[in-house]
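Worksheet: the structure to be examined is printed underneath.
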Amino acid sequence: MRQLGQLEAVVMAQLWAVEEAMSARDVVNHLRQSRDIAYTTVLTVLENLRHKDLVTRVKDGRAYRYRPRLTREEHSAALMQEVLGTSEDRQGTLLRFVEQISPEDVARLRDILNAGVDGKRAP
Amino acid sequence: MAAALLLGYAILVGWPGARLLNRTQWPQRSPGCGIWAWQALSASVLLAALGAAATLALPSLPLTGGLAEVLDACWLAIRQHYAQPGGTPAAVLGAVAATVLVARLGWVAGTQTVSNARRRSWQRRHLLLVAQPKPVLGAVVVPHPTAAIYCLPGRPGTIVCTSAAIATLTTRQLQAALAHERAHLRCRHSLLLLGATSLRAAFPFVPAFTLARDQLTALTEMHADDAAGADRHLMATALVKLAEGSAPDVVLAVGGPTALARVRRLAAPPAPLQWPWRFVVGAATVAALILPGVVAAWPALTAALIDYCPPFPPAGL
């Protein structure tokens with residue numbers, strides 16, 4: 001499973017790297033520059049990604065051309081929305097270094113820091 | 001008798017006892033000790049409640065035969081030692097209560113665990129796609145304009161930083177924050193918090209469980225601040241900078257009290273608990289954990305000391 005995850009990451013990275021939609025053959029040619037990979041493997045990965053709603057495809061002649069559904073930024077945003085949210089469920093999933101703070105409390109934090117920690121002033 | 005004692009104990013420790021501990025300040029001085037104290041308090045209340053239900057149910061259980069074999073005592077004597085005025089209805093109540101307690105907690109903890117695992121798995125899959133591993137930091141980096149650092153527990157755990165966090169903090173501040181996250185993973189705080197959250201969710205009417213969860217949330221953060229082994233000034237600065245760097249327009253801001261307590265503590269560290277007091281806390285922890293079991297087993301143990309059986313053979317033997 002981990003292997004498959006890695007391959008998906010590599011294929012997505014390739015799709016993001018190129019502006020226009022790519023066919024499976026295009027992807028294979030790009031990836032062959034740095035690794036040994038079979039055409040059928042790439043096709044399987046692309047179809048997996050499509051079923052996970054991460055890429056879309058359009059027919060181009062007899063082949064399909066694939067493109068990512070979300071940009072890299074949109075993908076990061078979706079990931080971080082879960083993290084930055086404050087739902088009760090989310091709190092069990094991960095541990096943030098510091099949780100969401102109100103602006104008033106942020107000002108108070110800054111005051112404490114400026115007053116000095118261990119006799120040192122704030123930078 | 002045992003059941004009444006245990007129930008009384010559970011109520012005493014679970015309600016005023018917990019409120020009393022909540023008012024003390026010493027846990028912040030040595031968060032490690034404080035964590036043990038709150039866990040022991042919660043476990044003690046739970047064990048006492050279970051013990052009360054179990055001792056009520058014991059006279060009516062066929063289990064007593066096996067217990068007698070173990071103790072080499074007369075099974076009738078054991079039964080008599082656990083008899084109480086309520087008779088069979090009370091025993092049935094005990095059995096039902098014990099079953100409900102275990103089932104409720106098991107259900108809540110189980111669903112919580114599954115939910116956590118699913119969300120973590122989703123996070124990891126998406127991190128694989130968008131995050132850049134940075135082995136030098138021991139973390140992965142997500143390109144994002146909001147500064148945030150968090151850890152994803154698991155085997156192995158993952159520590160995640162946003163690109164904004166790396167831009168906001170100096171190298172040494174970043175290392176302090178990452179060391180804090182590593183401490184969370186090393187000390188398995190997520191497991192501890194799962195227990196506390198499950199107890200509160202399963203039995204929200206018990207003040208001990210609600211207070212324990214809130215206290216443990218803060219104490220695990222303070223413990224990680226200490227266990228990171230980083231300079232306090234660096235840790236405090238990283239904390240404040242990341243707090244400033246997170247999106248300011250969120251309505252539900254829950255992290256204020258804990259963050260303020262942490263920074264105050266980092267700025268002016270209170271003296272850690274001295275060894276005599278640490279011993280006291282340790283002893284109280286052990287006592288709180290074994291007391292319910294001892295009280296529950298006491299009737300059976302005293303029955304074992306009786307070396308006679310009633311003159312007539314009981315029916316069914």
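Values in this text are rule-based calculations from the coordinates and carry no lab data. Fair warning: this is a prediction, and the values are worked out from it, not measured in the lab. Cβ sites come from the backbone with ideal geometry, for glycine too, and all protein chains shown count toward neighbours.
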- When each pair of different Cα atoms in chain B is counted once in the 1/r mean, what is the Kirkwood radius in angstroms, to one decimal? 22.7
- Message: Less than 10 Å Cβ to Cβ from A:Thr56, Lys/Arg counted +1 and Asp/Glu -1: what total charge do the surrounding residues give?
- Response: +4
- Helix A:72-84 versus the longest principal axis of chain A: what angle, 0 to 90°, nearest 10, using Cα atoms? 40
- Task: Could you run the Debye sum over the Cα atoms of the stretch B:102-190, one equal point scatterer each and no solvent, and tell me log10 of I(q)/I(0) at q = 0.14, 0.15, 0.22, 0.23 Å⁻¹, two decimals?
- Result: -0.55, -0.61, -1.09, -1.16
- Message: Need one value for B:258-269: mean number of C-beta atoms belonging to other chains within 10 Å of its residues' C-beta atoms.
- Response: 4
- Calculate the spin-label point distance for B:Arg278 paired with B:Thr170, positioning each point 7 Å from the Cα along the beta-carbon direction, and give it in nanometres. 3.2
- Proportion of all alpha-carbon pairs of chain A beyond 23 Å (%): 53
- Task: Work through the residues other than A:Glu8 whose Cβ is under 10 Å from its Cβ and net out their charges, Lys, Arg +1 and Asp, Glu -1.
- Result: +2
- Message: Compute the helix-to-body angle for B:2-12: its Cα long axis versus the longest principal axis of chain B, expressed 0 to 90° and rounded to tens.
- Response: 30
- Task: Note down the nm distance, to one decimal, between modelled labels 7 Å out along Cα→Cβ at B:Trp298 and at B:Thr24.
- Result: 2.4
- What's the exposure ranking of B:Trp26, B:Trp275, going from fewest to most Cβ atoms within 10 Å? B:Trp275, B:Trp26
- Item | Mean residue ellipticity (222 nm) of the protein assembly as shown, computed from DSSP H runs ≥ 4 via -39,500 (n - 2.57), nearest 500 | -21500 deg cm²/dmol
- Item | Neighbour net charge for B:Ala208 - beta-carbon separation under 14 angstrom, K R +1, D E -1 | +3
- Query: Roughly speaking, what % of Cα-Cα pairs in the protein assembly as shown are separated by over 27 Å, rounded to a whole number?
  - Reply: 64
- Task: Quick one: angle between helix B:87-130 and the longest Cα principal axis of chain B, in degrees between 0 and 90, rounded to 10, please.
- Result: 20
- Residues of B:129-136, mean number of Cβ from any other protein chain within 10 Å of their own Cβ, rounded to a whole number? 4
- Bins of 5 Å from zero: percent of alpha-carbon pairs in the stretch B:183-248: 4, 16, 19, 17, 17, 15, 9, 3, 0
